Amino acid sequence: MDWKGARVVVTGHCGFVGANLVRRLLDLKASVNGMDVVLTSPSLRVLRAESPPVSIGTVEYLADTEMAVQGADVVFHLAGLGHIADCQQRPADAFRINAFGTVNVLEAVRRRAPNAIVVCASSNHVYLGGNPNATLVGSPRRVGGGYGLGESCPLQATDAYGASKAAADLAVKCYRESYGLRAAALRHVNCYGPADVHESHLVTGAILSCLKGERPKLKSDGTPLKAYLHVHDIVRAYMTVAEHVDELSSHAVNVTDPRCEAPAIAVARTVMDVAGMEGGPEILRQDLSQSGYEERLDPTLIRNLGWEAIYTLYTGIAETFWWYKDHGGMAWRDT
C-alpha cells in the first residue's frame, strides 16, 4: 500500500499511540485528519510541531463521526477510555465510549466511506481482563499447537475496561462479516515509548524514577509476566494490518512478540541497567492480585503478515530512556 497521499483519519489522534501514528503517517506523506475532543496535545506537539487538520468531536455521536470519516481511504480508530482504573470506576462511560463509540465509527464508515479500511484498537485484556482466575499460570496455554492465546480463544474479560473492549471487538466482527466492511481489530500488548503521558505505566514510571536517581517502585511482587512493545512497533502493526486487511482469515489480530516478554521485576531492572543504576527495584507488594500471572498471546497471524518487533526489550527501553532524558523527564508535557 502506498501511504503517500492516502486520506487517513485517526480518531484519538492526540493520545500516546495516536500521536506516534500521526507522526509516522505524516512522515510518509499521507493526508492525515485527526478526530478528537481537542485540537492538539503535549504528545502530539512534542512529536511533531504542526498538527494535522482536526475534526473536533466525539465518537459518542454518530453525526460527528460521519463528518470525520467522509471520503477516507483508511480509518484508524484509537479513541477510547483507556485507563483501566477509570473504566472500573465509570463502567457506563467505558461501554458508551469504548463499545458504542466503536459501533459509531463502523457505522459511519459503512454510511460515508464504505470502501475504506478501518482498523480498531482492541486490547489484550479482552482475553483475561481483571479476572485472576483466567490468567495463564505456570506455562503457556497452547492453542491449536501454537504459542499462548490465539485469536479464536474465548474473550473472558470481566472488568469494565476489558469487557467494553470485548464488546467493541465483537462489533468489528459483526461489521466485517455481516456488512462486508474492510475492518479489523488489533489486540496488542502493553505499549511504551516516547511521549507517553501516563506515569503509572511500568516502563515510563521506572524511567522517571531512575532519572530522579530513585529506585523504581513496583506495587506487585514483581512476578507478573507480560509482553512490552515499543510504540513504534505498535504503529507498524496498525499499518501492517491495514495493508493486509483483505487477507485476514478473521477480524482480529494479536500483536505481540515473545522476545519482549518479561516479569515486571526484570523490566524494572532493565531500566535500571540502562540508567547505570545498581541493585533492583523496590518491591512494595501492595497489590498481589496478579502474583504468578503469565500473559502470552500467539503471534502467528501478525508474523504471517510480515510483522515482527524491531525493538528488543533492552533496545526499546534504552531508546525510550534517552528520549525522556533528553526531554527533561516529563517537562515536555507542560509545553
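Listing for the model above:
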{"read-out": "Those strands (runs of 3 or more DSSP E) lying entirely in segment 224-277 with at least 2 residues over 18 Å from the mean Cα position of the chain (by Cα) and of a type in the set (Phe, Trp, Tyr)", "value": "none"}
{"read-out": "Residue match in segment 211-233 (condition: out of contact with any helix residue (DSSP H, G or I) (no Cβ under 9 Å at 6 or more places or on another chain) and under 17 Å from residue 320 (Cβ atoms))", "value": "yes"}
{"read-out": "For residue 271: the one exception among (1) more than 24 Å from residue 46 (Cβ to Cβ); (2) touching a residue at least 12 places away in the same chain (Cβ under 8 Å)", "value": "(1)"}
{"read-out": "Wholly enclosed strands (runs of 3 or more DSSP E) of segment 22-137 bearing at least 1 residues acidic (Asp, Glu) and within 18 Å of residue 8 (Cβ to Cβ)", "value": "31-36"}
{"read-out": "Qualifying residue in segment 63-73 (condition: surrounded by 19 or more Cβ atoms within 10 Å (Cβ to Cβ), closer than 19 Å to residue 241 by Cβ and of a type outside the set (Asp, Glu))", "value": "yes"}
{"read-out": "Residues that are among the hydrophobic types (A, V, I, L, M, F, W, C), more than 23 Å from residue 204 (Cα to Cα) and part of a loop (DSSP other than H, G, I, E, B), drawn from segment 278-321", "value": "305, 307"}
{"read-out": "Residue within segment 77-93 that is free of Cβ contacts under 8 Å to residues at least 60 places away in the same chain and closer than 22 Å to residue 176 by Cβ present", "value": "no"}
{"read-out": "Any hit, segment 174-185, residues being modelled with pLDDT of 95 or more, in contact with a Ser or Thr (Cβ under 6 Å, 6 or more places away or on another chain), within 21 Å of residue 36 (Cα to Cα) and in a helix (DSSP H, G or I)", "value": "no"}
{"read-out": "Residue under evaluation residue 196, criteria (1) part of a helix (DSSP H, G or I); (2) under 17 Å from the mean Cα position of the chain (by Cα), criterion not met", "value": "(1)"}
{"read-out": "Residue 269 surrounded by fewer than 16 Cβ atoms within 10 Å (Cβ to Cβ) and not hydrophobic (A, V, I, L, M, F, W, C)", "value": "no"}
{"read-out": "Residues of segment 149-167 that turn out to be of a type in the set (Ser, Thr, Tyr) and crowded, with 22+ Cβ neighbours inside 10 Å, as a count", "value": "2"}
{"read-out": "Meets criteria (closer than 25 Å to residue 154 by Cβ and either without any contact (Cβ under 8 Å) to a residue 24 or more places away in the chain or assigned to a loop (DSSP other than H, G, I, E, B) (or both)) for residue 220", "value": "no"}
{"read-out": "Every pair of residues 6+ apart whose Cβ atoms lie under 9 Å, when the first sits in segment 244-257 and is under 16 Å from residue 124 (Cβ atoms) while the second is among the β-branched types (Val, Ile, Thr) and part of a loop (DSSP other than H, G, I, E, B)", "value": "254/189; 255/189; 256/189; 257/189; 257/312"}
{"read-out": "Selection within segment 202-215 - in contact with a strand residue (DSSP E or B) (Cβ under 7 Å, 6 or more places away or on another chain) and not in a helix (DSSP H, G or I)", "value": "215"}
{"read-out": "Leading residue by the ranking (farthest from residue 76 (Cα to Cα)) among those in segment 30-45 that are buried (at least 24 other Cβ atoms within 10 Å of the Cβ) and in contact with a strand residue (DSSP E or B) (Cβ under 7 Å, 6 or more places away or on another chain)", "value": "36"}
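The values are calculated or read from the model by the stated rules, or taken from the named source; none is laboratory data. This is a predicted model, so every value here is computed, not measured. With ideal geometry, Cβ positions are generated from the backbone for all residues, glycine too; neighbour counts draw on all protein chains shown.
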